[in-house]
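Just so it is clear, none of the values below were taken in a lab; they were calculated from the coordinates. As the structure is a prediction and not an experimental result, all values here were calculated from the model. Cβ placement follows ideal geometry from the backbone for every residue including glycine, while neighbour counts extend to all protein chains displayed.
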Amino acid sequence: MKDEELIELYLSSYDSSYFSILHKRYSTKVYSKCISLLKNEDLAQDAMQEIFVKIFMNLSKFSGRSKFSTWVYSITYNFCIDFIRRKKKERKLFSDDIENAAEPIEDVKDEELLEIEVSRLKRILEEIPIADKAVLLMKYQDELSIREIAEMLDKSESAIKMKIKRAKHKAYKKYKELFKN
Amino acid sequence: MSKNNFQRLSDENITPRAKDQIEKTTKEIDASVSFVKMIGNIVEMYLPRVFDVFMMMSGAQQRGTPVEQEDTTLPPSSGGSGQITPNSGPSNPDL
């Protein structure tokens with residue numbers, strides 16, 4: 001049964017078993033994202049619980065304009081980014097103001113990033129800023145479109161394209177620093 | 001569909017400990033959802049009555065209860081007041 005059908009059934013009957021099915025479908029993916037971004041199993045567990053409560057409380061607001069999975073990931077990323085922002089007191093985590101515009105950006109092909117071995121990729125993603133890591137995960141792990149990422153982060157599509165380009169550049173630069181020298 | 005290395009990385013995050021945590025969280029969320037549903041049922045069942053109680057406390061009659069009026073047409077022995085009021089007789093006394 002499709003996600004949207006389950007939501008419809010849940011909202012018409014308020015039978016929690018329908019929500020449990022949705023939860024089972026997404027719990028692993030949400031947890032994986034939380035642990036990638038928060039880097040702590042206990043924090044990831046707490047975050048996952050809060051994210052699903054948020055999804056449950058806002059299920060009636062899901063308009064169906066995007067896929068349910070995109071909506072779930074959007075809540076997950078925004079929750080984790082907010083959490084880190086609060087922790088670091090870094091108010092402009094996704095701000096373009098803090099980007100070093102003067103630095104030349106190398107155009108990195110998708111294949112070059114996708115060919116990096118998993119353990120090395122993990123190390124690279126731990127070393128780059130969280131905002132860059134998040135956009136790379138959205139693009140390559142969740143395979144979201146530029147438009148979907150822009151909606152999730154409330155940015156323009158051109159800003160997201162630039163953000164991804166910068167993130168790819170930083171990731172590949174880190175790869176060369178760590179493994180090519 | 002084959003997975004790319006970013007997606008394989010996501011799979012690597014799911015360690016045996018992570019599986020236990022997911023299982024634990026699933027149970028907690030199921031319990032929360034059931035609790036919210038129970039509260040919803042209670043509110044649905046009792047809220048109209050609470051409203052009635054407030055209405056009664058403010059001096060109004062309970063909803064659905066007809067306003068009791070003393071039947072002045074009955075004699076005192078049948079529970080009426082026996083008093084003749086202007087509305088008790090025929091509407092036109094000349095008839």
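Full extension of the segment from A:R123 to A:D82, taken as 0.36 nm per residue of separation minus the current Cα-Cα distance, would add 12.5 nm.
Pairs exceeding a 27 Å alpha-carbon distance, out of A:K33/B:K27; A:K29/A:K155; A:K176/B:K19; A:K2/A:K54: A:K176/B:K19.
A P(r) calculated from all alpha carbon pairs of the stretch B:1-65, with 5 Å bins opening at zero, reads 4, 14, 10, 10, 9, 8, 8, 7, 6, 6, 5, 5, 5, 3, 1 percent. Label 7 Å along Cα→Cβ of A:E112; the stretch A:139-169 residues with amide nitrogen under 11 Å? Only A:168-169 fall inside the zone, counting backbone N under 11 Å. The slack in the chain from A:S66 to A:K176, taken as 0.36 nm per residue of separation less the alpha-carbon distance, amounts to 35.9 nm.
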